[in-house]
Amino acid sequence: MKIKKRDNVMIISGRDRGQKGRVLRVLADKNRVVVEGVRVTKKRIKPRREGEKGQTVEVPQSVHVSNVALICPQCGEPTKVGYRGQGAKQKKRICRKCKKTID
Ligand SMILES: [Zn+2]
């Protein structure tokens, strides 16, 4: 996955285009990410006991990873992620715009 948890990303397509947020969760098997504040739907929870009030909770829906761009922490631009180095340990993500390494 090119996107990791806690990355800042921007939505680059679909109806949420232009929105920015932090990645809360990565669903690697589905190639989807959950981005804070993006595509939040409200869900009603029914009262479980008599006398309790129902609640509304906000549940962010996942977006496909191809619809997000990483915001480079170095240059602040939404960018494509490249790689530098070989092998699982040496391989580093790099920003295609400023060519700096991203953690
Ligand atoms: Zn950059």
* Tally, over region 54-79, of residues that are open to solvent by 40 Å² or more (accessible area, probe 1.4 Å), within 13 Å of the ligand (Cβ to nearest atom) and hydrophobic (A, V, I, L, M, F, W, C) -> 1
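Does Gly51 count as open to solvent by 70 Å² or more (accessible area, probe 1.4 Å), on the phi > 0 side of the Ramachandran plot, modelled with pLDDT under 95 and in a loop (DSSP other than H, G, I, E, B)?
On the way: open to solvent by 70 Å² or more (accessible area, probe 1.4 Å): yes; on the phi > 0 side of the Ramachandran plot: yes; modelled with pLDDT under 95: yes; in a loop (DSSP other than H, G, I, E, B): yes.
Here the answer is yes, as Gly51 does meet what is asked.
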* Gly82 passes all but one of (1) of a type outside the set (Phe, Trp, Tyr); (2) open to solvent by less than 60 Å² (accessible area, probe 1.4 Å); (3) within 13 Å of Val23 (Cβ to Cβ); which number fails? -> (3)
* If Gly76 passes every condition in (1) over 15 Å from Lys2 (Cβ atoms); (2) in a strand (DSSP E or B) but one, which one does it miss? -> (2)
* To do: Please determine, by comparing only the residues of region 85-103 that are near the ligand (Cβ under 8 Å from one of its atoms) and touching an Asp or Glu at 6+ places or on another chain (Cβ under 9 Å), which one is most open to solvent (accessible area, probe 1.4 Å).
  => Lys97
* **Single unsatisfied condition, Val38 versus (1) assigned to a strand (DSSP E or B); (2) in contact with a Gly (Cβ under 9 Å, 6 or more places away or on another chain)** => (1)
* Answer yes or no as to whether Val38 is modelled with pLDDT under 95, surrounded by 15 or more Cβ atoms within 10 Å (Cβ to Cβ) and either out of contact with any Phe, Trp or Tyr (no Cβ under 9 Å at 6 or more places or on another chain) or not basic (Lys, Arg) (or both). => yes
* **Scope region 5-18; condition modelled with pLDDT of 95 or more and surrounded by 13 or more Cβ atoms within 10 Å (Cβ to Cβ); matching residues** => Asp7, Asn8, Val9, Met10, Ile11, Ile12
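Please find, within region 54-65, the residue that is farthest from Arg15 (Cα to Cα) out of those that are assigned to a strand (DSSP E or B) and not charged (D, E, K, R).
Of region 54-65, the ones assigned to a strand (DSSP E or B) are 55-60, 62-64.
Checking the rest, the ones that are also not charged (D, E, K, R) come to 55-57, 59-60, 62-64.
Values: Gln55: 27, Thr56: 23, Val57: 22, Val59: 17, Pro60: 15, Ser62: 13, Val63: 11, His64: 13 Å.
Result: Gln55.
The values are calculated or read from the model by the stated rules, or taken from the named source; none is laboratory data. Computed from a prediction, not measured in an experiment: that's the story for all the values here. Counting neighbours? That spans all protein chains shown, and the Cβs are built from the backbone with ideal geometry, glycine included. Surface accessibility is based on the protein's heavy atoms, side chains included, excluding ligands, DNA and RNA. Shrake-Rupley method; radii C 1.70, N 1.55, O 1.52, S 1.80 Å.
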